[in-house]
1. Pick from region 616-636 the residues that are part of a strand (DSSP E or B) and among the hydroxyl-bearing types (Ser, Thr, Tyr): which of them is farthest from residue 599 (Cα to Cα)?
2. Determine whether region 395-416 contains at least one residue that is charged (D, E, K, R) and in a helix (DSSP H, G or I).
3. Looking at 529, 506, 538 in this structure, which one is among the hydrophobic types (A, V, I, L, M, F, W, C), over 35 Å from the mean Cα position of the chain (by Cα) and at negative phi?
4. Which members of region 411-430 meet the condition of being under 14 Å from residue 396 (Cα atoms) and open to solvent by 20 Å² or more (accessible area, probe 1.4 Å)?
5. Suppose we keep only residues that are part of a strand (DSSP E or B) and open to solvent by 10 Å² or more (accessible area, probe 1.4 Å) within region 479-490. Which one would you say is nearest to residue 116 (Cα to Cα)?
6. Tell me whether region 515-535 contains one or more residues that are more than 18 Å from residue 301 (Cβ to Cβ) and either buried (at least 18 other Cβ atoms within 10 Å of the Cβ) or modelled with pLDDT under 95 (or both).
7. Condition test on residue 626, is it closer than 27 Å to residue 525 by Cα, among the hydroxyl-bearing types (Ser, Thr, Tyr) and open to solvent by 10 Å² or more (accessible area, probe 1.4 Å)?
8. What is the residue count in region 343-364 for residues that are closer than 11 Å to residue 328 by Cα and aromatic (Phe, Trp, Tyr)?
Amino acid sequence: MRNFKFSAMAFIAVALITGFFACKPKNAGNAVSADAASKVYVAPGKYDEFYNFVSGGFSGQMSVYGLPSGRLLKVVPIFSINPENGYGFSEESKPMLNTSHGFIPWDDQHHLDLSQTNGEIDGRWIFANANNTPRVARVDLSTFHTSEIIELPNSAGNHSSPFITENTEYVVAGTRFSVPPDDVNGDVPINTYKKNFKGTISFISVDKGSGKMDIAFQLQCPGVNFDLSHSGKEKSHGWFFFSCYNTEQANTLLEVNASQNDKDFIMAVNWKKAEEYLKAGKGRKQAVKYAHNVYDEKTHTATSEIRTEVTVLDTKVLKDICYFIPCPKSPHGCDVDPTGEYIVGSGKLAALIPVFSFDKIQAAIAAKDYIGDYDGIPIIKYESALYGEVKKPGLGPLHTEFDGKGNAYTSFFVSSEVVKWNIKDLKVLDRAPTYYSVGHLCIPGGDTKKPNAKYLIAYNKITKDRYLPTGPELAQSAQLYDISGDKMLLILDFPTIGEPHYAQAVSADLIKNNSVKFFKIDENTNKYVSKGESTTKVVREGNKVHVYMTAIRSHFSPDNIEGVKLGDEVYFHITNLEQDWDVPHGFAIKAAGNAELLIMPGETQTLKWTPDRVGIIPIYCTDFCSALHQEMQGYVRVSPAGSSVPISYSLGTNLPKADSSTKK
């Protein structure tokens, strides 16, 4: 029996990796709606109905699409440097990528969650996770700029993140990799996992007005892998639900050794109870080190602060915060329906979908209907928490969204399909093929109290033959389904950047009318701002040269600079004087070892440049701004170290001599 179990597990693992089952789904030829083109057509000059915010995976960024057209609107840099606009390269934005490990230029961005008020999307912010170096970011949806990034101590692999409570009281983040806590000696044998490794859940508070984040407290939990999570709603407000796997606590060959148990867990967290313990002083102050980075839209500058303490609540000691619920098998998704009553677990190696009842969970806790404990955490009896099971829905369930009409939609990675089923009677109502090996799903507002169930988007892991070949690597594949009727209708394929994971969508009306069109130059308080050409200058401070420069259609001021020497560090502080929508200016200098800048109207950004040779070096605008864009250029003269050539600068005149320092 043991050998059979191992062989079966190995077969499933191989199937998951190779896509054995992910051949063309049945009825593939009939999958596309006959009137698909009319359903997705957005006439020239017209806006899409929805914004679709899609995680960028290994790109570290977030992409923004319009729906139903599938048009790419913007790529928002968050956790990775972006030479297109200078994010992470400009002196103002570099601090955004600071961590306790130093400057980290890349990350793996998996999940997104829009801010909510009363369980409905409010359109103010979207939160993003960094899976590699654990961080959570907040993006301001009035500017589509990354406004804040906070690092998470005691964490590794910030995958179960960044999911929010229904009034955005907290952004909640669970660690994928359990590790020794930061304040103990981590130099321990890896195979002492069961003794020394712990899981950590972070509760990050969010200020209702400004959005500013702070780590309110952390929960120290047993050493398992936390996967996806969602907050309770309505009756289950005050609770959070996490999927957990690797309850075997394996530390090697997890595809086999972490797939032995028939059931892993959903962990139910009573965060209101945790708040009570915090207020009562039951938390332990722990010495840690983490970065908190904030971008100020008035100074157009980021600052980074290293913090050194968090408060930790030990769930093994405070036993009425967390409860485990058995869930088959290696669960990935953990999703809560709009009423807050039903919690859906999606075991990626299971052949069914368990649906748990919040009311039954509460009754089981009250009756102490437990089958034991796991590292001090009570385990609720499976049947006592279970509402029912969806039988034979498909192979490899991953993630579930809701339409607000009593129906759920679950992705099936192995059988490459989306399955629609009724929450009350647990009957399968429809299934639609995906191309191929679907991961996450998105319905606008599908994880809130009020879904807008017109469309469903499937984000697939394998593309194969869906687009024109582009060598060994193909674009990532997303597919749009019309779910306004009883049957799901495939109406569009569209490619995405990076590898899309969890995504969000919202009515465009909630965001588009609050969009900032330009930054008011009079409100710019950057230290190096030039609010007019009369204030531009070039200043030497030892071997540092500061160029206070403006950009406006179609010239830089100044555009001729002399007196720079080898060994100097030159800082170009560029202020875009435009006060009009969609008129950014670029700035580049030949052979810059970092990037260009893209400066928004009314904004100041700084590029550091170290010349590597003597000569005349061109500068120019990289973003087409007018009919005379090609004429928007200038020159920097670089002289040898020790040269007597003084600093001089001009606009519209030629310098008469190298020793003149007057500005004409």
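1. Our first condition is that a residue be part of a strand (DSSP E or B); within region 616-636, this holds for 616-620, 633-636.
Narrowing the set further to residues that are among the hydroxyl-bearing types (Ser, Thr, Tyr) leaves 620, 635.
On the way: 620: 13, 635: 20 Å.
So the residue we want is 635.
2. no
3. 538
4. Those that are under 14 Å from residue 396 (Cα atoms) and open to solvent by 20 Å² or more (accessible area, probe 1.4 Å): 413, 415, 417.
5. By that ranking, first place goes to 482.
6. no
7. Values: closer than 27 Å to residue 525 by Cα: no; among the hydroxyl-bearing types (Ser, Thr, Tyr): yes; open to solvent by 10 Å² or more (accessible area, probe 1.4 Å): yes.
Considered against the rule, which asks whether it is closer than 27 Å to residue 525 by Cα, among the hydroxyl-bearing types (Ser, Thr, Tyr) and open to solvent by 10 Å² or more (accessible area, probe 1.4 Å), residue 626 comes out as no.
8. Of the residues in region 343-364, 0 are closer than 11 Å to residue 328 by Cα and aromatic (Phe, Trp, Tyr).
The values are calculated or read from the model by the stated rules, or taken from the named source; none is laboratory data. Please read these numbers as outputs of a predicted model, since none were measured by experiment. Quick reminder, even Gly has a Cβ in these numbers, built from the backbone with ideal geometry, and neighbours come from all protein chains shown. Side chains are part of the model used for accessible areas, which takes the heavy atoms of the whole protein and leaves out ligands, DNA and RNA. Shrake-Rupley method; radii C 1.70, N 1.55, O 1.52, S 1.80 Å.
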